[in-house]
Amino acid sequence: MTRLRTFYILVATQIFSLIGSRMTGIAVGFKVFDDTGNTAPLLIAAFFAELPGMVGGTFTGLLADRWDRRRVIMLGDAGQAAGTLLLLITLATGTFELWHLYVAMLIQGIFGTIQGPASSAAITMLVPDPLRDRANGLNEMGFPLAGVVAPVFAGLLYGAVGVSGVIAFDLLTFVTAVAVVARLHIPRPDRSAESDDLGGSFWREMLGGWRYLLTRRALLVTVIYIAFIDFVINGPLELALPYTVSVTGSESTAGVLLGAMSFGALAGAGTIALVGSVRQRMRIILGGYLALGGVFLLLGVVRHPVLLGAALFLVLFPLPLNGALFSSVLQAKTPPDLQGRVFAVTGQMFMLMTPFSFLITGALVDDVLTPAVSRPAWDAVAPLVGRGEGAGMGLLLIGAGLLILAATALVLAYPPLRRLETDLPDYVGEASGAEMVEVHAA
């Protein structure tokens, strides 16, 4: 079995498992909302699912680098299945309580955090550099594809077999993923000189990802910049549902518009998967964020449903595309036996500020911007966003767009970041020859 074929099988099984997990999340959301009438438990559950990634990424990266990555991926699937099984048992026996959901989400978050760095680092050992943009694009398609497919199947199964039936299907996807991955071979990377320099004690090994980035300032600045962009957009993107309902006055129209968002993300990932290898990845990444800032400005101003749909499609289009290209940059610049730690650190930085983005966004909209709509000072911005429903959220979206444009302008003025791909050489190790064999064989 060639390495490329192994990659395609691996990514297909992980997407299949992700669809099952998203279906469970939707079905449990239906169940909890039907029982309580509140959305707060779902937000708390989401917090518990993200908590391990915010605090434990540094440690899980070391696991990905020191253990067999195939086994780490299997452990991640098996552990997430354990959390799902807990939900199924409590629901099937009629003993379900909200704290069971929180524990299950925490378990899934822990094992998802363990699995993530290993999956990203495994791509380097399976896919040669000229094909990695396409491979990362295919990998990025998983989340938006699940966002399109899972709600449909979850709704159908929920009506037919209830929440327990949906969760049982999710368990089947986990079992399938573990069984398939168990038959795959993911080569282990050779020990690199960079890893030896960052090694020694357990703590030095665990902090190797941080130390690697700190000695490569342009790469570190890029990670901080992307983390800031994530902080700016995460909260406003969560306003998509209330914003579209407020502007259009129709839940059904809002549902269609949210579908356009998911298709935008799917199209962005699909574009890089179809195009394949690209040159000057950093230029495309920075250009994508400039476009993102402009689309946020547009999203805050337009009111017609068609224009809103176009803006929502475009607002998610560059995110998976940029994610795929930056993964390729990290894979090219980082020794394979350090990539688990580097991906874990970058993922931790990207996630760390997400809860604060949600809190700040909610406070700004509810306590500052919405009350300000009825005040005389609003006349200064009324020509842009009006005074109707959603005007406060519209102004927030404009502010987010301006912050994205300002941050991108700053990093464009930093020459080492613009020259990152040329100044920081690609890592060349013993795996390179084997990878080139794969290129010619493919």
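The values are calculated or read from the model by the stated rules, or taken from the named source; none is laboratory data. No experiment lies behind these values; they were computed from the predicted model shown. No Cβ is skipped: glycine too gets one built from the backbone with ideal geometry, and neighbour counts run over all protein chains shown. We work out accessible area using only protein heavy atoms, side chains counted, and drop any ligands, DNA or RNA first. Shrake-Rupley method; radii C 1.70, N 1.55, O 1.52, S 1.80 Å.
Work out how much length Val161 to Asp34 would gain on full extension: take 0.36 nm times their residue separation and subtract the Cα-Cα distance, in nm to one decimal.
In short, 44.1 nm is gained.
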- Message: Could you sort the peptides 243-252, 168-177 by per-residue average Cβ neighbour count (10 Å cutoff), highest mean leading?
- Response: 168-177, 243-252
- With r as the distance between the Cβ atoms of Arg375 and Thr271 and R0 = 35 Å, compute the FRET efficiency 1/(1 + (r/R0)^6) and round to 0.05. 0.20
- Item | For the range 113-139 versus the range 347-375, the gap between their alpha-carbon centres in whole angstrom | 33
- Query: At a 1.4 Å probe, what is the % contribution of carbon and sulfur to the accessible area of the chain?
  - Reply: 69
- Note on the structure: Calculated from DSSP helices alone, with each H run of at least 4 adding -39500 (n - 2.57) and the total divided by the residues of the chain, [θ]222 nm to the nearest 500 comes to -26500 deg cm²/dmol
- Between Arg217 and Ile9, with labels modelled 7 Å along Cα→Cβ, what's the label distance in nm to one decimal, could you check? 4.7
- Message: What is the distance in Å between the Cα centroid of the range 250-275 and that of the range 174-230?
- Response: 31
- Query: How would Trp99, Trp210 rank on accessible area, largest to smallest, probe 1.4 Å?
  - Reply: Trp99, Trp210
- Message: Hydropathy at least 1.6 by Kyte-Doolittle, axial extent at least 18 angstrom from the Cα trace: which helices of the chain, defined as entire DSSP H runs, fit?
- Response: 142-181, 281-301, 391-412
- Message: Using a probe radius of 1.4 Å on heavy atoms only, what accessible surface per residue do you get for the chain? Whole Å² is fine.
- Response: 43
- Going by accessible area, probe 1.4 Å, with all protein chains left in place, what is the ranking of His100, His304, His185, largest first? His185, His304, His100
- Can you pull the one-decimal nm distance between simple spin-label points at Ile89 and Leu412, each 7 Å off the Cα toward Cβ? 5.6
- Query: If you compute Cα extents along the principal axes in Å for the structure shown, which of (i) 66, 60, 41; (ii) 61, 54, 46; (iii) 104, 59, 45 do you land on?
  - Reply: (i)
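Given axes a ≥ b ≥ c from the Cα gyration tensor, I'd like to know whether the range 42-152 is rounded (a/c under 1.5), prolate (a/b larger than b/c) or oblate.
prolate
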- Message: If each residue of separation counts as 0.36 nm, what is the full-extension length gain between His100 and Arg303 once their alpha-carbon separation is subtracted?
- Response: 68.9 nm
- Separation of the Ala179 and Asp367 label points, Cα + 7 Å toward Cβ, nm: 5.3
- Ignoring everything but the protein chains, give the 1.4 Å probe accessible area of Leu396 in square angstrom, nearest 10. 20
- Any chance you could list the semi-axes, whole Å, largest first, of the equivalent ellipsoid that the Cα gyration tensor gives for the range 248-392, using √(5λ)? 35, 20, 14
- Message: For a Förster distance of 41 Å, can you work out the FRET efficiency between the beta-carbons of Thr253 and Arg66, rounded to the nearest 0.05?
- Response: 0.20
- Task: Quote the Stokes-Einstein diffusion coefficient, in whole µm² s⁻¹, for the range 307-395, based on the Kirkwood radius over alpha carbon pairs, a temperature of 10 °C and a viscosity of 1.306 mPa s.
- Result: 96
